[in-house]
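Undergrad: Dropping the structure in here first, questions after.
The values are calculated or read from the model by the stated rules, or taken from the named source; none is laboratory data. Computed from a prediction, not measured in an experiment: that's the story for all the values here. Because the Cβ atoms are built from the backbone with ideal geometry, glycine has one as well, and the counts that use them run over all protein chains shown.
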């Protein structure tokens, strides 16, 4: 679908730029800050003089803000203009990103990461609602897959930028570069998305916030999808946070810049993730979830080796599997929620990022106390639980409220 075919996408600057390209760029610039700092974990641990679990929680504290903002947006989404909410959130995101360059201690650093999460989640949730509300089912699935693909690209390119810029110019310049990317995202949304009418409660009194949230929790397939999201990010963050310390220490012993290059493991996911909507539509969400979770699980034994090529292969499988599952879940929530999709997306993201916070804290404690093999076992359990939730999905009842 091109810009000329989509009334919601402005012709800026050329009408032949594919809609999915713009959507993917928005996804990239929205979440580029989220995981980029993980490439700097060993450096930050030395800077603040703390253990891996402490800096792991601090860096992933953005997931607290992501979860909180997901709930807030779910409650007030029917009152927020989509385009304005997205670009303002991205513009404000530049403020805490800039201040991270001057954080004097771990508490300040953690607080700023939480604030970053608030703005990232608001932009993410409103964008998913915007895409779900404007287009056919096929167009929506494709756009959401493109958006998640942009998020996948942010995992790779964000980490590469962070590791290389910090390695050459230092931590302060690194955060200033990311603040500039935040402003670029705000500008892209401002000039590429058109304002659109709010969807959901026109002409009628909106239900109470509790009733609106309860209506989504009353859908069995949505509840299962929220659980899948929790488990998927639990596994992802548990893996890609603490593997940094495994790669940095003996016998592998990678330096900061080489550690950043390891994140080319996300490149295959940039190819497979756009296929998620198409495959889930053809074979159903349950088989798509099971295959993606099995791929991620197959990579876990490789993470326990001391061979860098095998560890990288394991990380590729975990990345491909978890990102594919996230793309399937994102598209499924957009279809299963027949109205008030921003609220449904907000609830899903809250569950998703609470899972990330839990993964950072729980598996951080396991890593510090019991070591890397025990942490990998915890990742495996979370993937298994996600498979159980996937078994609960009944796609035929998507959007049908429980009596």
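Every residue, every condition in (1) at pLDDT 85 or above; (2) in a helix (DSSP H, G or I); (3) farther than 18 Å from residue 167 by Cβ, yes or no:
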position: 24; (1), (2), (3): yes, yes, yes
position: 29; (1), (2), (3): yes, yes, yes
position: 38; (1), (2), (3): no, yes, no
position: 46; (1), (2), (3): yes, yes, no
position: 50; (1), (2), (3): yes, no, yes
position: 56; (1), (2), (3): yes, yes, yes
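Undergrad: Take the residues of region 325-377 that are farther than 23 Å from residue 273 by Cβ and modelled with pLDDT under 80: which is surrounded by the fewest Cβ atoms within 10 Å (Cβ to Cβ)?
TA: Here the residue is 338.
Undergrad: Would you confirm whether or not region 253-273 contains a residue that is without any contact (Cβ under 8 Å) to a residue 60 or more places away in the chain, closer than 24 Å to residue 59 by Cα, over 20 Å from the mean Cα position of the chain (by Cα) and in a helix (DSSP H, G or I)?
TA: Scanning region 253-273, I find at least one residue that is without any contact (Cβ under 8 Å) to a residue 60 or more places away in the chain, closer than 24 Å to residue 59 by Cα, over 20 Å from the mean Cα position of the chain (by Cα) and in a helix (DSSP H, G or I), so the answer is yes.
Undergrad: Filter region 158-170 down to the residues that are out of contact with any helix residue (DSSP H, G or I) (no Cβ under 7 Å at 6 or more places or on another chain) and assigned to a helix (DSSP H, G or I), then identify the one that is nearest to residue 87 (Cα to Cα).
TA: Taking region 158-170 and keeping what is out of contact with any helix residue (DSSP H, G or I) (no Cβ under 7 Å at 6 or more places or on another chain), we get 168-170.
Next, from what is left, pick out any that are assigned to a helix (DSSP H, G or I): 168-169.
Values: 168: 31, 169: 29 Å.
The extreme case among them is 169.
Undergrad: Would you mention how many residues in region 292-311 are surrounded by fewer than 17 Cβ atoms within 10 Å (Cβ to Cβ) and either touching a strand residue (DSSP E or B) at 6+ places or on another chain (Cβ under 8 Å) or part of a helix (DSSP H, G or I) (or both)?
TA: Our first condition is that a residue be surrounded by fewer than 17 Cβ atoms within 10 Å (Cβ to Cβ); within region 292-311, this holds for 294, 298, 301, 304-310.
Next cut, either touching a strand residue (DSSP E or B) at 6+ places or on another chain (Cβ under 8 Å) or part of a helix (DSSP H, G or I) (or both) only: 294, 298, 301, 304, 308-310.
Result for region 292-311: 7.
Undergrad: Residue check, residue 131 against (1) more than 19 Å from residue 91 (Cα to Cα); (2) modelled with pLDDT of 80 or more; (3) crowded, with 23+ Cβ neighbours inside 10 Å, all met but one. Which one?
TA: Of (1) more than 19 Å from residue 91 (Cα to Cα); (2) modelled with pLDDT of 80 or more; (3) crowded, with 23+ Cβ neighbours inside 10 Å, only one is false for residue 131: (2).
Undergrad: Quickly run through region 147-185 and pick out the residues that are at pLDDT below 90 and farther than 26 Å from residue 46 by Cβ.
TA: Scanning region 147-185 gives 147, 148, 149, 150, 151, 152, 153.
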